[in-house]
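Trainee: Sharing a structure with you now.
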Amino acid sequence: MEKKIAIVLGSESDEEKLKAGFDLLDEFNISYQLKIISAHRNPDKLRRYCKKIEKEGYGLVIACAGLAAALPGFMASYLNIPVIGVGLKGGLADGLDSLFSIVSAPKGIGLVSSGIGKNGFINAIIFALEVLGLSSSESLARADKIKNKFK
């Protein structure tokens with residue numbers, strides 16, 4: 001059975017910023033679940049979601065957040081599946097603050113980043129499919145098709 005991708009955004013306003021990535025997910029029939037949960041505003045809800053996500057068959061998380069970008073690191077601290085953090089533009093440093101927050105996670109936290117904004121989200125989708133492709137040739141084929149769109 002092909003593992004699913006969980007996508008978590010820190011704010012409802014982030015969804016529109018990442019529309020191009022969601023369009024790719026839909027175009028290639030990639031199974032994902034979208035949740036909007038702020039690590040700062042609702043940490044208990046996020047903790048509960050993290051506790052059940054692996055049991056529900058998700059193989060990987062893409063966590064997108066701006067500003068202090070606590071969301072990806074918070075999730076990675078609870079999960080034993082890969083977490084890809086995507087920093088979002090905005091704030092004083094136009095996304096660099098969120099990127100630095102993600103890549104500055106302390107040792108022992110399994111967290112990577114694929115960049116900032118729409119491009120970072122699209123790269124996270126491709127990387128997620130490649131990781132899931134280690135056990136599913138269907139995921140790997142989808143990753144290849146998406147990559148070919150940008151050649």
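Quick note: the coordinates plus some simple rules give every number you see, no bench work behind them. As the structure is a computational prediction, the values presented were derived from the model and not from experiment. All Cβ positions, even for glycine, are placed from backbone atoms using ideal geometry, and neighbour counts span all protein chains on display.
Trainee: Does the stretch 66-75 hold any residues that are surrounded by fewer than 24 Cβ atoms within 10 Å (Cβ to Cβ), within 17 Å of PRO106 (Cβ to Cβ) and over 12 Å from the mean Cα position of the chain (by Cα), and which are they? If you could, list the steps in order and put the result at the bottom.
Mentor: So in the stretch 66-75, the residues surrounded by fewer than 24 Cβ atoms within 10 Å (Cβ to Cβ) come out as 67-68, 70, 73.
If we keep only those that are within 17 Å of PRO106 (Cβ to Cβ) too, we end up with 68, 70, 73.
Within the stretch 66-75, ALA68, ALA70 meet the criteria.
Trainee: Only one residue in TYR49, TYR58, TYR78 is among the aromatic types (Phe, Trp, Tyr), closer than 21 Å to ILE126 by Cβ and within 16 Å of the chain's Cα centre (by Cα). Which one? Don't jump to the end; show me each part of the working.
Mentor: Values: TYR49 fails: closer than 21 Å to ILE126 by Cβ; TYR78 fails: closer than 21 Å to ILE126 by Cβ.
Residue meeting the stated conditions: TYR58.
Trainee: If the Cβ limit is 6 Å and pairs must be 6+ apart or interchain, which residue in the stretch 99-128 that is closer than 20 Å to ALA143 by Cα pairs with which residue that is of a type in the set (Ser, Thr, Tyr)?
Mentor: GLY120/SER114; ASN123/SER114; ALA124/SER114; PHE127/SER114
Trainee: So, one more: Checking the condition surrounded by 15 or more Cβ atoms within 10 Å (Cβ to Cβ), in a strand (DSSP E or B) and not basic (Lys, Arg), which residue from ALA39, ALA63 passes?
Mentor: On the way: ALA39 fails: in a strand (DSSP E or B).
The unique qualifying residue is ALA63.
Trainee: A further question follows. Among GLY85, GLY120, which is part of a helix (DSSP H, G or I) and touching a strand residue (DSSP E or B) at 6+ places or on another chain (Cβ under 9 Å)?
Mentor: Details: GLY85 fails: part of a helix (DSSP H, G or I).
Checking each option against the conditions leaves just GLY120.
Trainee: So which residues in the stretch 5-21 are buried (at least 17 other Cβ atoms within 10 Å of the Cβ) and closer than 26 Å to ALA143 by Cβ?
Mentor: At the first step, the residues of the stretch 5-21 found to be buried (at least 17 other Cβ atoms within 10 Å of the Cβ) are 5-11, 14, 17-18, 21.
The answer is ILE5, ALA6, ILE7, VAL8, LEU9, GLY10, ASP14, LYS17, LEU18, GLY21.
Trainee: Considering only residues of the stretch 78-99 that are surrounded by 17 or more Cβ atoms within 10 Å (Cβ to Cβ) and among the small types (Gly, Ala, Ser), which is nearest to GLN33 (Cα to Cα)?
Mentor: GLY85
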